[in-house]
There are 2 protein chains.
Amino acid sequence: MHFDTQPVFPRGFRCSSRNCGIKQSGRDLSLFVSDVDAAAAAIFTRNLFPGAPVVLGRETIRGGVLRGIVVNSKVSNVATGEQGIANARRMAAAAAAEIGTTADRVIASSTGVIGVPLPIEKIESGVRGMMQELTADPMFGAEGIMTTDTHPKALSTRVGAATLTIVAKGAGMIEPDMATMLVYIFTDARISATSLDRMLRDAAFVSFNMLSIDTDTSTSDTCVIMANGLAGVVDEGAFFDALQAACIRMTEIIASDGEGATKLLRATVRGATDVTQARLIAKSLINSPLVKTMAYGADPNVGRILMAIGKCFDITIENDRVMASVNGFPVIENGERAQFDDERVRAALAGDVLDIEIELDVGEAEATAYGCDLTEGYVNENAAYYSS
Amino acid sequence: MHFDTQPVFPRGFRCSSRNCGIKQSGRDLSLFVSDVDAAAAAIFTRNLFPGAPVVLGRETIRGGVLRGIVVNSKVSNVATGEQGIANARRMAAAAAAEIGTTADRVIASSTGVIGVPLPIEKIESGVRGMMQELTADPMFGAEGIMTTDTHPKALSTRVGAATLTIVAKGAGMIEPDMATMLVYIFTDARISATSLDRMLRDAAFVSFNMLSIDTDTSTSDTCVIMANGLAGVVDEGAFFDALQAACIRMTEIIASDGEGATKLLRATVRGATDVTQARLIAKSLINSPLVKTMAYGADPNVGRILMAIGKCFDITIENDRVMASVNGFPVIENGERAQFDDERVRAALAGDVLDIEIELDVGEAEATAYGCDLTEGYVNENAAYYSS
């Protein structure tokens, strides 16, 4: 699957972004717009304290039709009570007025600190005039939704005559369960809202839902897909394949840019008795602070891999069948540390990507999880996030 | 409950420790001995890759009688196959010969790097003569079992005519489930092995099993209790109360000295529908990297408390009844961030201990979990643990 390094929007989609005064400097407000109504689906966080935009978004998406998405960064509008819901409604209404549609066709998202009132007046005045600044470059929109991301995130690919584009933000408080982070997917393929919903859930199951930066599940996770149909009908199988591959690639991009991260971790578990167990073990590996610090230090302390498998107490394994490798180098054989030269393993652990591959040899199921290493940078960013 | 700052052994217990050449310098081998046979019980890690000493220990403890415990640090004898089991047996036999008992009355423990062969010859020659160096100071034994602990850990208390003494090591790879770390409990009270087993499990349930430094469950967790009866019979209720209080205090000592830790975190959840849910939520709070870094930075980013509750997807809560305080200062009221002055919360978050108290107001159950903050120190220690 080819992904454009210079992502473009599908036909009929554009965006703009601005500083509206929530951040001291830098873009803090983004607007994504389709020229025409688009079929749409969305999935949201399972956190029991969902943000006001998530509560409103669940209501909005029932209509299955969207014209636009408005997003602010820095303040997440979570744990803000009735006033928070009212502010989310005002934000959607302000964007709808600017676009020239109704509030029930606009998703409003907010990301940032939990528990701080949304500065709704800044957003209402900030959104005015954004339709005059629309651009065809998704990176502008991606910039306005960043929090601790070190770079804006967008990619696009082709499916037949159609284009598929993803704009996202990641960084921290990321272990999605039914959805993830902020992810907006745009296509000009013609697909029904029902099909979009099914395909989005299936694609997220193996991509965003297998991502963890820090085991903490955001209260704002939102993933929206809009299909405006301007490129006509495409083969749905091909579209799903492209969607899934693009979601996995964006998952890797987000993992690589996790807070403080210096490398992408991919843990693949094969030969498990069922997919649930394969997913559990893969997640255990990428969530283990001791595996993550081993990755950071390129320290050949590979016994930690067995620890992280073994702490999944209820899985089916046969200890003496377990094999593991790091970037293709065998480090565990038959449940024991393999004979190897430390320096060769140290070399295998270096680099921007660490693939940990496990063979359990007790079944046929497999899964891959995505994460990053744990560094001083994560601690530094999060010890003073509110105050900075 | 009073704990002696200068811990002493119960009658008939002594220890010695040495450098036997596994570590470059510092004590790496400890021997704990009772003058007479002692009733005994033990609990071990639930990790599916238990170390060879754990496999052997489960067999040994079935006899319900112990004379001694031998422990080495630096190498854990985990993931070492049949040779590892044979080495654990040789270690117990060598200590038994030195004590003048049989190998089935000695628990051998090892702690340190996973997957490295145990240097059994160093231990066999190292243990010879240790009976000539026995001392009544538990701190000597505590020193020989340290890995990344910054100080040796022991405490003692009185129950009637008897003494209860705990020697332990902690530091990292700690989220015990059925047992914990290395913890050795000695008493001269006369109690049956059956009663010891029941009391040890009950005490661990609310102490060591509610401790997490880093969510990683050690392959070597072992907790042993020996009662040699030299002080005669004591009231079992009073003994249990002392045991539980001592285990909780040792849990706090271990948490405070977690790898890189600057403070103890205690999360108490009240008003839950059942104890399982209360324990789950309390653990979620002390395991959240974002709560832990908030504690480290004394950053008033208290919305993260709601996030950590809400990511326990299957609990029963009513969002607008949830209250939370930090060191007595209310920060969440009715599921929303309370109105407060940031500087006052920053002051409340400072200090060596952070108590996070949650009131769910949907039931009567409660639980407390113990942990520590997450700092650059944790990352530094674990990015090169194998190599250092």
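The values are calculated or read from the model by the stated rules, or taken from the named source; none is laboratory data. Quick caveat: nothing in here was measured; it's all calculated off a predicted structure. Cβ sites come from the backbone with ideal geometry, for glycine too, and all protein chains shown count toward neighbours.
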Counting only residues in the stretch A:28-48 that are in contact (Cβ under 8 Å) with a residue 60 or more places away in the chain and within 14 Å of chain B (Cβ to nearest Cβ), the one surrounded by the fewest Cβ atoms within 10 Å (Cβ to Cβ) is identified as A:Arg46
(1) surrounded by 20 or more Cβ atoms within 10 Å (Cβ to Cβ); (2) out of contact with any Leu (no Cβ under 6 Å at 6 or more places or on another chain) all hold for B:Asn72 apart from (2)
Exception for A:Pro300 within (1) free of Cβ contacts under 8 Å to residues at least 24 places away in the same chain; (2) over 30 Å from A:Ile69 (Cβ atoms) falls at (1)
Residue hits (the stretch B:241-300; among the small types (Gly, Ala, Ser) and more than 18 Å from the chain's Cα centre (by Cα)) are B:Gly271, B:Ala272, B:Ala278, B:Ser284, B:Ser288, B:Ala295, B:Gly297, B:Ala298
Across (1) more than 14 Å from chain A (Cβ to nearest Cβ); (2) buried (at least 24 other Cβ atoms within 10 Å of the Cβ); (3) not hydroxyl-bearing (Ser, Thr, Tyr), B:Gly51 clears everything bar (1)
Being of a type outside the set (Phe, Trp, Tyr) and either touching a residue at least 60 places away in the same chain (Cβ under 8 Å) or in the same structural domain as A:Ala204 (by TED's automatic domain parsing) (or both) narrows A:Glu333, A:Glu343, A:Glu366 down to just A:Glu366
Filtering the stretch B:113-139 down to residues that are within 14 Å of chain A (Cβ to nearest Cβ) and either more than 20 Å from A:Ala338 (Cα to Cα) or crowded, with 24+ Cβ neighbours inside 10 Å (or both) yields B:Ile114, B:Gly115, B:Leu118
A careful count of residues in the stretch A:54-69 that are more than 11 Å from chain B (Cβ to nearest Cβ) and free of Cβ contacts under 8 Å to residues at least 60 places away in the same chain gives 8
The one condition B:Thr148 fails out of (1) under 19 Å from B:Val8 (Cβ atoms); (2) among the β-branched types (Val, Ile, Thr); (3) crowded, with 17+ Cβ neighbours inside 10 Å is (1)
Taking the stretch A:229-259 and keeping residues farther than 20 Å from A:Ser34 by Cβ and among the aromatic types (Phe, Trp, Tyr) leaves A:Phe240
Exercise for the section: Determine whether the stretch A:293-305 contains at least one residue that is at positive phi and of a type in the set (A, V, I, L, M, F, W, C). Expected result: yes
Among B:Glu376, B:Glu359, B:Glu318, the single one that is of a type outside the set (A, V, I, L, M, F, W, C), more than 13 Å from every other protein chain (Cβ to nearest Cβ) and surrounded by fewer than 23 Cβ atoms within 10 Å (Cβ to Cβ) is B:Glu359
Assess whether B:Ser288 counts as being free of Cβ contacts under 8 Å to residues at least 24 places away in the same chain and not assigned by TED's automatic domain parsing to the domain that holds B:Ser195.
yes
Filter the stretch B:217-267 for residues that are surrounded by fewer than 24 Cβ atoms within 10 Å (Cβ to Cβ) and of a type in the set (D, E, K, R); the one that is farthest from B:Arg58 (Cα to Cα) is B:Lys263
Within the stretch A:202-214, of all residues that are of a type outside the set (S, T, N, Q) and farther than 23 Å from A:Phe13 by Cα, the one nearest to the other protein chains (Cβ to nearest Cβ) is A:Asp214
Scanning the stretch A:39-80 residue by residue, those among the hydroxyl-bearing types (Ser, Thr, Tyr) and within 23 Å of A:Asp202 (Cα to Cα) turn out to be A:Thr45, A:Thr60
| Does the stretch B:65-75 include one or more residues that are assigned by TED's automatic domain parsing to the domain that holds B:Met199, more than 23 Å from the chain's Cα centre (by Cα) and more than 16 Å from B:Thr222 (Cβ to Cβ)? | no
Note to self: On the basis of being of a type outside the set (A, V, I, L, M), surrounded by fewer than 23 Cβ atoms within 10 Å (Cβ to Cβ), under 16 Å from the mean Cα position of the chain (by Cα) and farther than 30 Å from B:Pro330 by Cβ, does A:Thr157 make the cut?
What the structure shows: no
When every residue in the stretch B:321-330 that is free of Cβ contacts under 8 Å to residues at least 40 places away in the same chain and in contact with a Leu (Cβ under 8 Å, 6 or more places away or on another chain) is compared, the one nearest to the other protein chains (Cβ to nearest Cβ) is B:Val322
Within the bounds of the stretch A:6-19, is there any residue that is in contact with a Gly (Cβ under 9 Å, 6 or more places away or on another chain), surrounded by fewer than 16 Cβ atoms within 10 Å (Cβ to Cβ) and either in the same structural domain as A:Thr157 (by TED's automatic domain parsing) or not in a loop (DSSP other than H, G, I, E, B) (or both)?
-> yes
Within the stretch B:70-97, residues being in a helix (DSSP H, G or I), of a type in the set (D, E, K, R) and within 14 Å of chain A (Cβ to nearest Cβ) number 1
